[in-house]
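Report on one structure; see the data block that follows.
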Amino acid sequence: MEIEKIECCILEREQVHQALLDLIEKDTVYDIVYTINPADGLDQKIIQSIASLERDSLGKPERITGIIQDITSRRRIEQDLQRKHEELSAAYEEIT
């Protein structure tokens with residue numbers, strides 16, 4: 001099945017699966033960050049996925065709408081900035 005090929009690339013499969021169940025069963029908005037190993041063998045990607053559930057007039061799930069965004073670059077920049085901040089803070093502590 002295609003879904004199994006996709007799911008096997010997601011490192012936090014259980015977390016993503018639970019978020020989807022919570023969306024369907026409890027109408028909890030799906031806003032999750034997870035890591036994937038692309039099937040083409042390229043570097044890992046960090047993904048943010050936000051989704052909501054739409055129900056029909058009887059209250060049955062009708063469709064899920066949302067956004068899936070690759071935030072790998074943003075996360076790497078944030079990590080670099082955090083590391084630089086820690087280095088500068090340590091250097092400041094040494095001179096004061």
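Observations on the structure shown:
- Meets criteria (assigned to a helix (DSSP H, G or I), without any contact (Cβ under 8 Å) to a residue 40 or more places away in the chain and open to solvent by 100 Å² or more (accessible area, probe 1.4 Å)) for residue 4: yes
- Taking each residue of region 7-19 that is more than 17 Å from residue 66 (Cα to Cα) and looking for partners that are among the polar types (S, T, N, Q) and open to solvent by 50 Å² or more (accessible area, probe 1.4 Å) with beta-carbon atoms closer than 7 Å, six or more apart or interchain, yields 9/37; 11/37.
- If you go through region 7-17 and pick out every residue that is surrounded by 14 or more Cβ atoms within 10 Å (Cβ to Cβ) and modelled with pLDDT of 90 or more, you end up with 1.
- Qualifying positions in region 42-93 - over 24 Å from residue 18 (Cα atoms) and of a type in the set (Ser, Thr, Tyr): 57, 73, 89, 92
The values are calculated or read from the model by the stated rules, or taken from the named source; none is laboratory data. Every value quoted in this text rests on a predicted model; they were computed, and no experiment measured them. Heads up, the Cβs are rebuilt from the backbone with ideal geometry, glycines too, and the neighbour counts pull from every protein chain shown. Please note that ligands, DNA and RNA were not included when accessible areas were found on the heavy atoms of the full protein model with its side chains. Shrake-Rupley method; radii C 1.70, N 1.55, O 1.52, S 1.80 Å.
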